[in-house]
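First comes the structure, then the notes that go with it.
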Amino acid sequence: MSTPKNARDIEHLALAVGIRHVVTLTQEERLPSEWFTACPSIENTFLPVANYEAPSMEQVDLFISLCIPEEGMSGPVLVHCGGGKGRAGTMVACYLVAFGFRPPPPVSEWEHPAMNAAEAIQALREMRPGSIETKVQEDAVSAYCSLLWKRRSLLANDVHEPPASAPAYQGESVEGTDLLVLSGLPGSGKTSFRKALLKRSLAGQC
């Protein structure tokens, strides 16, 4: 969908259509919060994406989680950008990759993608011609499909944390470290440590 124009649009989406969550992708303009204060039955999530660009995989995961009743709000979700074809179309194509035209199952019952990227993009363009406006957006749908097959899970797994313990180190500790150098034999865990640290950083835990 293209950008809602006013509070009346939001009220209509909530009361007449039954939408319970609006996902806004327009990096250039957020929807006014008072539009949703006046209509408390509908919520708004802001996932900023630049025009003609594609959402990150983390943003796609967040959108997908909102579409699953046990993870997000119970009720229909609407996603919009400026014109309703590029950024929003990319999100919808990723939804089709994950679920096809069926309602989302519980996370524990999801097994594998319902469509490949080409099938999802074609199906979307048949319904809304002109959807997915750039190669970057097409590539994002393909990347999401590959990600689902690779991790064999609908949503990203939580970071597994070791039990709390005092760190063991030599020398003096340094506050505000901005460079870590890992050294060790192949298979000693350098890559696993890097990936876990990156997930913590994206989650705002460090």
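The values are calculated or read from the model by the stated rules, or taken from the named source; none is laboratory data. None of the values given here were measured: they were computed from a predicted structure. As a convention, Cβ positions derive from the backbone with ideal geometry for all residues, glycine included, and neighbour counts pool all protein chains shown.
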For R8, all conditions in the list (1) surrounded by fewer than 17 Cβ atoms within 10 Å (Cβ to Cβ); (2) touching a Ser or Thr at 6+ places or on another chain (Cβ under 7 Å); (3) assigned to a helix (DSSP H, G or I) hold save one; what is the number of the exception? (2)
Looking at S2, is it of a type in the set (S, T, N, Q), closer than 18 Å to L124 by Cα and surrounded by fewer than 20 Cβ atoms within 10 Å (Cβ to Cβ)? yes
Only one of E43, E28 is exposed (fewer than 14 other Cβ atoms within 10 Å of the Cβ) and of a type outside the set (A, V, I, L, M). Can you tell me which? E28
Determine whether S65 is touching a Gly at 6+ places or on another chain (Cβ under 8 Å), closer than 26 Å to D139 by Cβ and of a type in the set (S, T, Y). yes
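Just to be sure before I move on: is N51 without any contact (Cβ under 8 Å) to a residue 60 or more places away in the chain and either out of contact with any Lys or Arg (no Cβ under 8 Å at 6 or more places or on another chain) or farther than 19 Å from K135 by Cα (or both) in the structure I sent?
On the way: without any contact (Cβ under 8 Å) to a residue 60 or more places away in the chain: yes; either out of contact with any Lys or Arg (no Cβ under 8 Å at 6 or more places or on another chain) or farther than 19 Å from K135 by Cα (or both): no.
When the stated conditions are applied, N51 does not pass them.
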Hey, can you tell me all the residues within the range 50-72 that are buried (at least 17 other Cβ atoms within 10 Å of the Cβ), aliphatic (A, V, I, L, M) and not in a helix (DSSP H, G or I)? A54, I68
Give me a count of the residues in the range 106-147 that are surrounded by 20 or more Cβ atoms within 10 Å (Cβ to Cβ) and assigned to a helix (DSSP H, G or I). 9
Quick check on my filter: what residues within the range 155-194 are within 30 Å of C67 (Cβ to Cβ), at pLDDT 65 or above and surrounded by fewer than 11 Cβ atoms within 10 Å (Cβ to Cβ)? N157, D158
Name every residue in the range 21-49 that is assigned to a loop (DSSP other than H, G, I, E, B) and either touching a Cys at 6+ places or on another chain (Cβ under 9 Å) or of a type outside the set (V, I, T) (or both), in order of residue number. Q27, E28, E29, R30, L31, P32, S33, A38, C39, P40, S41
